[in-house]
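Report on the following structure.
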Amino acid sequence: MIMPESLETFVSRVRSLEIQGAQEIAIESLKFLRSYGKANGFGAKFSAAMKALEGARPTAVVLHNCLEILGKNPSKAAIEKLLVQIKGATKKIAANAKFIGSGDVIMTHCHSGVAVAVLKHAWQSGKKISVIATETEPKHQGLRTIRELSEAGIPATLIVDSAVSYFMPHVDCVLLGSDALRKEGNVNKIGSLNVALAAREFKKPYYIAASTLKLDSRKNIEIEMRPTSEIYHKINGVKIMNPAFDITPWKFVSRIVTERGVMTPGNLLKLIK
């Protein structure tokens, strides 16, 4: 008999980036809570589990929004409804991303399940696209993107993060995901703002693919500082900093593709209360 995963083990897997991506974190956390609730009920222990998960990756807002909904209705039915909502939103977003043309070269950064779904949908629709993906240091999260695109048969090129400006003149557009959609801008993996600045310089459209569950109305956001060991071993007398995310101001964003349709930054901001 396989023993269910403990809360401590699951939270550790989330913190260590074994589970990564705002949407993937939410989906896997909901699945865990479904099993946890079945074993322990949906009372005090379930509330404590939700609190532990809330602090695991504080920047990613999808889980936060899901936990707020569950706090009002802690139940298996509410979890199932959220899982259906998240997965359904991804399909709608992929279908809404009609800005991609056949033959387009698209640059992406880090790994976004939603952005990958958009690219796969374009390819499966007969659009002969190709993708340039960054390595995304320090955890090399872009390698997951490259593998998934390659498995789907999509021509993909891997580049180091510092080569973004070198390749930007040769792309047709940029497509990134999101960890949180805030009034200040799009919160995403560190380096996303660098990609936006290069896109602006070379006059390339910069698109974001994200569900409205990523709308973030929290007053403040905590930019997660990751362990310095992800960058380098300790160097005496040298300070090492490893922020996981940055914020791209809306002035650099062309459009946001959501399950509700393609929005301008101005239209999206009206939804953030």
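The values are calculated or read from the model by the stated rules, or taken from the named source; none is laboratory data. Just so it is clear, the model here is predicted, and its values are computed rather than measured. When we count neighbours, we look across all protein chains shown, and the Cβ atoms used for this are built from the backbone with ideal geometry, even at glycine.
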Which fully enclosed strands (runs of 3 or more DSSP E) of the stretch 172-232 have 2 or more residues being in the same structural domain as I86 (by TED's automatic domain parsing) and touching a Pro at 6+ places or on another chain (Cβ under 8 Å)? none
Given the conditions (1) modelled with pLDDT of 95 or more; (2) of a type in the set (K, R); (3) surrounded by 15 or more Cβ atoms within 10 Å (Cβ to Cβ), report the number of the one that K139 does not fulfil. (1)
Identify the residue in the stretch 201-243 that is among the hydrophobic types (A, V, I, L, M, F, W, C) and in contact with a strand residue (DSSP E or B) (Cβ under 8 Å, 6 or more places away or on another chain) and, among all such residues, is surrounded by the fewest Cβ atoms within 10 Å (Cβ to Cβ). M241
Tabulated pairs, the stretch 49-73, first under 26 Å from D246 (Cα atoms), second aromatic (F, W, Y), C-beta under 7 angstrom, 6+ apart or interchain: T59/F245
Taking A163 as the residue in question, decide whether it is of a type in the set (A, V, I, L, M) and either more than 27 Å from R226 (Cβ to Cβ) or surrounded by 15 or more Cβ atoms within 10 Å (Cβ to Cβ) (or both). no
Spans of helices (runs of 4 or more DSSP H) in the stretch 95-167 with at least 3 residues in contact (Cβ under 8 Å) with a residue 60 or more places away in the chain: 113-124
Tally of residues being farther than 20 Å from A180 by Cβ and of a type outside the set (D, E, K, R) across the stretch 98-133: 20
Can you pull out the residues in the stretch 244-262 that are crowded, with 20+ Cβ neighbours inside 10 Å, among the aliphatic types (A, V, I, L, M) and within 23 Å of Q85 (Cα to Cα)? I256, V257
Just one of A49, A89, A77 is surrounded by fewer than 18 Cβ atoms within 10 Å (Cβ to Cβ), at pLDDT 95 or above and either aliphatic (A, V, I, L, M) or within 30 Å of E230 (Cβ to Cβ) (or both); which is it? A77
How many residues are over 25 Å from K189 (Cβ atoms) and in a loop (DSSP other than H, G, I, E, B) when one looks only at the stretch 1-19? 6
